[in-house]
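The values are calculated or read from the model by the stated rules, or taken from the named source; none is laboratory data. Bear in mind that the values here come from a model prediction, so they are computed numbers and not experimental data. With ideal geometry, Cβ positions are generated from the backbone for all residues, glycine too; neighbour counts draw on all protein chains shown.
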Amino acid sequence: MIVGARGAATATMRAARHETWGSPLEVVEVPRPEPAAGEVRVTIAATGVNPIDIFTGRNAGYEQSMRLPFVPGWDVAGTVDALGYGVTRHRVGDRVFGLALFPHPAGTYAEFATVPAHQLVTVPSAMTFAEAGAAPMAALTAWQMLDAAGVVAGRRVLVDGASGGVGHLAVQLAAARGATVIALARPAHHDMLHALGAETCVDYEDPGAMTEIAPVDAFLDYVGHEFGRSLFGRVKPGGTAALATAWSIPSYPEDAARLGIHIRSCLVEPDPAALGEFGALVDRGAVRVVVAAEFDLDHAGDAQHAAVRRGGFGKTVIVSTRPEPA
């Protein structure tokens, strides 16, 4: 409890936050949020760790929307704990997941969060909370980039960073659409990627194998910088490169124009309808979320370091140690 100026006790929760930009995450007691009209409060069981969580913690270009002290996080999976005025689509006790409020602060590195009710959908029966917490930003990023690149049945699509949190879902979602997937990853991850639907896997550190990649209709770039640009030449004239990293090189538009390809810079947005369709694919066994590692809230900083190292396969998550409601 936190005692206010007039002596009234305020319910609290634990959250991992930055006291200054770039400072280590510190777990502190903060007031428990109350849901406003149209919102629900969620007891967080798991939240995914995304690269943008680290960037915003450094305030790298996000001065307009982020304020100190800052609690990172946008992925949420857990149980509805309280309803704001007017909410009818969820009930207390519902198991839900979603991408909360992005790109505005959501603060899901915490025990509770308030989320607009319409941004949450039911957790698929085939998913654990850890898998559900790992999914929203990664799944919607992959989904929306596939849309932006025009990936449909019969297309050939190249995916870099294919073993990562977003990449391994993009491989599966492209395959579920009937596309032929070429996945770039280290050889240790090729068997898993084949099992998830990649037709061809290529070691991105093998120059000979890279030059043998046949032209593709679409390229999903989760790496960016010089590596991403080097793959523009693998896209057929008239094809599309969808980028998760915006213009990490200013000359991207000119590079693409010279090659006769389109580029699309994609910023993920909450889309509960698409997330619900993703959940249906999970329930049908067409897609699965691979959790690379789990950390508790006290080790949120370690979770971020693990996510940045990108040595494993899949997505890193922070899981709650609070007991689930009966």
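Tabulated data
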read-out: Test result for Val171, touching a helix residue (DSSP H, G or I) at 6+ places or on another chain (Cβ under 7 Å), in contact (Cβ under 8 Å) with a residue 40 or more places away in the chain and surrounded by 19 or more Cβ atoms within 10 Å (Cβ to Cβ); value: no
read-out: Subset of the stretch 103-123 (residues that are farther than 23 Å from Asp296 by Cα and either in contact with a Cys (Cβ under 7 Å, 6 or more places away or on another chain) or not in a strand (DSSP E or B) (or both)); value: Pro103, His104, Ala117, His118, Gln119
read-out: Whichever residue in the stretch 55-71 is touching a strand residue (DSSP E or B) at 6+ places or on another chain (Cβ under 9 Å) and surrounded by fewer than 18 Cβ atoms within 10 Å (Cβ to Cβ) and, among such residues, is modelled with the highest pLDDT; value: Pro69
read-out: Verdict on Val49 being closer than 14 Å to Ala110 by Cβ, touching a helix residue (DSSP H, G or I) at 6+ places or on another chain (Cβ under 7 Å) and either buried (at least 22 other Cβ atoms within 10 Å of the Cβ) or at pLDDT 95 or above (or both); value: yes
read-out: Helices (runs of 4 or more DSSP H) contained in the stretch 140-228 and holding at least 3 residues over 17 Å from Arg264 (Cα atoms) and over 23 Å from the mean Cα position of the chain (by Cα); value: 207-211
read-out: Number of the exception - Ala130 against (1) in a helix (DSSP H, G or I); (2) outside the structural domain of Pro103 (by TED's automatic domain parsing); (3) in contact (Cβ under 8 Å) with a residue 60 or more places away in the chain; value: (2)
read-out: Selected residue (criterion: surrounded by the most Cβ atoms within 10 Å (Cβ to Cβ)) from residues of the stretch 235-271 that are within 14 Å of the chain's Cα centre (by Cα) and in contact (Cβ under 8 Å) with a residue 60 or more places away in the chain; value: Ala244
read-out: Residue, surrounded by the fewest Cβ atoms within 10 Å (Cβ to Cβ), within the stretch 124-145, restricted to residues that are out of contact with any helix residue (DSSP H, G or I) (no Cβ under 6 Å at 6 or more places or on another chain) and within 25 Å of Asp203 (Cα to Cα); value: Thr141
read-out: Tally, over the stretch 219-234, of residues that are out of contact with any Gly (no Cβ under 6 Å at 6 or more places or on another chain) and surrounded by 15 or more Cβ atoms within 10 Å (Cβ to Cβ); value: 8
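Quick grid of which residues meet (1) more than 19 Å from Ala307 (Cα to Cα); (2) of a type in the set (Phe, Trp, Tyr); (3) in the same structural domain as Ser23 (by TED's automatic domain parsing); (4) touching a strand residue (DSSP E or B) at 6+ places or on another chain (Cβ under 8 Å):
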{"residue": "Gly48", "(1), (2), (3), (4)": "no, no, yes, yes"}
{"residue": "Asp53", "(1), (2), (3), (4)": "no, no, yes, no"}
{"residue": "Gly73", "(1), (2), (3), (4)": "no, no, yes, yes"}
{"residue": "Arg95", "(1), (2), (3), (4)": "yes, no, yes, yes"}
{"residue": "Glu111", "(1), (2), (3), (4)": "yes, no, yes, yes"}
{"residue": "Gln119", "(1), (2), (3), (4)": "yes, no, yes, yes"}
{"residue": "Val123", "(1), (2), (3), (4)": "yes, no, yes, yes"}
